[in-house]
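Here is the structure we will look at.
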Protein chains: 2
Amino acid sequence: MTVSVRDVAAAASVSVGTVSNVLNHPDKVAPATVERVLSAIEELGFVRNDAARQLRAGISRSIGLVVLDVRNPFFTEVARGAEDRAAEEGLTVLLGNSGADSAREAAYLDLFEERRVHGLLITPLDEELARLERLRHRGTPVVLVDRQALPGSFSSVAVDDVAGGFLAARHLLERGRRRIAFVGGPLGIRQVSDRLKGARRAVAKVAGAAIEVFPTESPTVLEGRTAGEVLQARAPAERPDAVFAANDLLATGLLQALILRGKLRIPEDIALIGYDDIDFAASAIVPLSSIRQPAALLGQTAVDLLLREASGRGAKEQVVFRPELVERASTQA
Amino acid sequence: MTVSVRDVAAAASVSVGTVSNVLNHPDKVAPATVERVLSAIEELGFVRNDAARQLRAGISRSIGLVVLDVRNPFFTEVARGAEDRAAEEGLTVLLGNSGADSAREAAYLDLFEERRVHGLLITPLDEELARLERLRHRGTPVVLVDRQALPGSFSSVAVDDVAGGFLAARHLLERGRRRIAFVGGPLGIRQVSDRLKGARRAVAKVAGAAIEVFPTESPTVLEGRTAGEVLQARAPAERPDAVFAANDLLATGLLQALILRGKLRIPEDIALIGYDDIDFAASAIVPLSSIRQPAALLGQTAVDLLLREASGRGAKEQVVFRPELVERASTQA
DNA sequence: GCGTACGATTGAATCGTTTCAAACGATAGG
DNA sequence: CCTATCGTTTGAAACGATTCAATCGTACGC
């Protein structure tokens, strides 16, 4: 049914080797022959079989990327950055979404390894680090994304989440707030716990300041709204005067509940700061203060580290970017 | 270097055929043998080579999906719907982003065909329909997504964009608006031109109503902001009293420019309605009226049609969903 | 004790591409 | 006229999993 190099070779009266050379090293073939083979390809509608190619090559032309949540624009940006950089090298990115579920993460790791990916970029869950170690040991380069690796273990690209959490909380404190709510989860996710750790550090420096944690099941708009319902239902005296949301999706949900349901004024009644500075933060009901991370750059850099590791040159490296405070109306006095 | 079935066979003192059977038809192998092979696999760290598998099988376990813009949450939802449905069938979705560029679209089509995908889901550009026809002719099932196909040509899943445009414009007219601005582009994109067509139809039914078109280069937040700058800079007498944005990203950008730069009140000075009803629409600076489309369902249904076509059973079918008006503050009087 | 039937196992053939050592043919130099 | 050289072309081997017809061994019936 399908047309193979063999058919093309016959049609152009050359050997299969020549057809392959036309495809991969046209400079090694006489121009007239190239012409003849090309028109045979055109005529027969020949399409290279990538599986055979890969089998021969022993490795694919793609790299795997496993993220925690594709619905979060932050990860979409990371993916875009990675894709752009990979495309420059003629590589394809296979995108997997773990949804912070270790079974799904494991499934993607298996899939990608069977596909013999060039390498793996992953925002890992703690439970599966051993598996990653094994993977790397079997020869697949691994780069951790949005998560700092221990020196000597993996290469990684991350943004300092402790510093980001600190920035966010300090900003709220500088605005005179003292009763801070932290909304985020699951707390088992490193990004979340680090941001909380940073916030705690800032709060500890200020006398009379306190932080209360509102854990969520996932960092989504819906969970943010749920947390907001709880907050707005409290008596004013019991209510925090500022909220630090672990990401902008949560902050968006919080906004909805606090304003539309609770009829609270932001920032007068309660200040709010998010994390990631996604596109929508600037155009929320109340423009949202946030902590900006260089998402696309994270993706690009991850691919760079991966290629370096794959080529054998260059040792493992842990790159850490610094987050940045973006002030908007939701925290202005 | 890498471990093959041959190595496993040797380690377990069986033939390669038996190893393969353990992997694919364990019921055909004696339990004790299964056990032995499995522990050899474990011990050697054997990982199946998917390329070899595919080569033999002649087809991959994945389907290709090409969308216009991954940064648009609408398409993210479509992709999620498709992935969920595909996963149930043990299939993987390869995601490609054409960015409304026909060269990139063509590149993905080539890539996916070389990968011998099970089938292709695509939001096509007009220029490349002939190529799709050839692809289908060579044996790859194709389903158009978010675009209605001509009966007899392709299967397709779409939402009636003309109806959606009509709904949006009629809603603005019912709110008493008469000078409608349509912001969207490129106008060569079918979704955009259909929505405009529907809007024109609604406007034509109302005496004294007019529509003015503000074309954009792409349907992004940034372009929306640019269009908003133009609108807000106009003298009040020259300014439209309502805007219909071709999608919610544009609407988001418009909001930013109209409110933050133009100091205009929405909807008092100018009403605004978007399209897609993405998550953020409800939590925009002014909660955004929009036209809702069943995005995830679109993706699921597309996979269903694809599988049906691939199995040979069932003819080509054009499914059309109806869009739905969602009223929020941005158009309330 | 012999033949049969059945479950388990074998291993050569196959998928389609790429590689590379060898063969080929034409040209130039001695 | 022979040989060396250079640019082209050749075709068999290899990649690794799967398939399937053939073989093996055992248990059972007669």
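The values are calculated or read from the model by the stated rules, or taken from the named source; none is laboratory data. All values reported here derive from a predicted model rather than from experimental measurement. No Cβ is skipped: glycine too gets one built from the backbone with ideal geometry, and neighbour counts run over all protein chains shown.
Key figures for this structure:
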| read-out | value |
| --- | --- |
| Some residue of segment A:19-27 being within 10 Å of DNA strand C (Cβ to nearest atom), away from chain B (no Cβ under 14 Å) and either crowded, with 19+ Cβ neighbours inside 10 Å or under 24 Å from A:Val157 (Cβ atoms) (or both) | yes |
| Condition broken by A:Glu223, with the remaining ones in (1) under 25 Å from A:Leu129 (Cβ atoms); (2) within 22 Å of the chain's Cα centre (by Cα) satisfied | (1) |
| Failed item, numbered, when A:Leu94 is tested on (1) without any contact (Cβ under 8 Å) to a residue 40 or more places away in the chain; (2) away from every other protein chain (no Cβ under 12 Å); (3) in contact with a Gly (Cβ under 8 Å, 6 or more places away or on another chain); (4) not aromatic (Phe, Trp, Tyr) | (2) |
| Residue match in segment B:6-27 (condition: under 22 Å from A:Thr92 (Cα atoms) and either in contact with a Lys or Arg (Cβ under 7 Å, 6 or more places away or on another chain) or in a loop (DSSP other than H, G, I, E, B) (or both)) | no |
| Inter-residue pairs, beta-carbon under 8 Å, first touching a residue at least 24 places away in the same chain (Cβ under 8 Å) and closer than 14 Å to A:Ser20 by Cα and in segment A:44-65, second assigned to a loop (DSSP other than H, G, I, E, B) and near DNA strand C (Cβ under 8 Å from one of its atoms), 6+ apart | A:Phe46/A:Val3; A:Phe46/A:Ser4; A:Val47/A:Thr2; A:Val47/A:Val3; A:Asn49/A:Thr2; A:Asn49/A:Ser4 |
| Counted residues, segment B:108-129 - those being in a helix (DSSP H, G or I) and away from every other protein chain (no Cβ under 14 Å) | 4 |
| Answer residue from segment B:280-306, given it is assigned to a helix (DSSP H, G or I) and at pLDDT below 95 and is surrounded by the most Cβ atoms within 10 Å (Cβ to Cβ) among those | B:Ser283 |
| Segment A:1-10, subset more than 8 Å from DNA strand D (Cβ to nearest atom) and away from every other protein chain (no Cβ under 14 Å), residue surrounded by the most Cβ atoms within 10 Å (Cβ to Cβ) | A:Val8 |
| Failed item, numbered, when A:Ala51 is tested on (1) within 10 Å of chain B (Cβ to nearest Cβ); (2) crowded, with 20+ Cβ neighbours inside 10 Å; (3) more than 16 Å from DNA strand D (Cβ to nearest atom); (4) in a helix (DSSP H, G or I) | (3) |
| Failed item, numbered, when A:Glu42 is tested on (1) more than 13 Å from every other protein chain (Cβ to nearest Cβ); (2) farther than 30 Å from A:Leu129 by Cβ; (3) part of a helix (DSSP H, G or I) | (1) |
| Enumeration of residues in segment A:11-40 that are more than 9 Å from DNA strand D (Cβ to nearest atom) and among the small types (Gly, Ala, Ser) | A:Ala11, A:Ser39, A:Ala40 |
| Near pairs, Cβ below 9 angstrom, 6+ apart or cross-chain, from segment A:201-218 (closer than 18 Å to A:Asp241 by Cβ) to any residue that is aromatic (Phe, Trp, Tyr) and outside any strand (DSSP E or B) | A:Ala202/A:Phe166 |
| Conditions (1) surrounded by 21 or more Cβ atoms within 10 Å (Cβ to Cβ); (2) in a loop (DSSP other than H, G, I, E, B); (3) more than 8 Å from chain B (Cβ to nearest Cβ); (4) among the small types (Gly, Ala, Ser); number of the one not met by A:Ser60 | (3) |
| Checking B:Asp84 against (1) crowded, with 18+ Cβ neighbours inside 10 Å; (2) more than 12 Å from DNA strand D (Cβ to nearest atom); (3) outside any loop (DSSP other than H, G, I, E, B), the condition it does not meet | (1) |
| Residue check, A:Ala12 closer than 22 Å to B:Leu135 by Cα, within 15 Å of DNA strand C (Cβ to nearest atom) and modelled with pLDDT of 95 or more | no |
| Lone qualifier among A:Asp248, A:Asp304 - being touching a residue at least 40 places away in the same chain (Cβ under 8 Å), among the acidic types (Asp, Glu) and closer than 23 Å to B:Ile266 by Cβ | A:Asp248 |
| Some residue of segment B:258-279 being under 25 Å from the mean Cα position of the chain (by Cα), farther than 27 Å from B:Leu129 by Cα and surrounded by fewer than 20 Cβ atoms within 10 Å (Cβ to Cβ) | yes |
| Some residue of segment B:65-76 being part of a loop (DSSP other than H, G, I, E, B), at the interface with chain A (Cβ under 8 Å from one of its Cβ atoms) and within 16 Å of DNA strand C (Cβ to nearest atom) | no |
| Residue check for A:Val143: within 14 Å of A:Leu306 (Cβ to Cβ) and either within 11 Å of another protein chain (Cβ to nearest Cβ) or not in a loop (DSSP other than H, G, I, E, B) (or both) | yes |
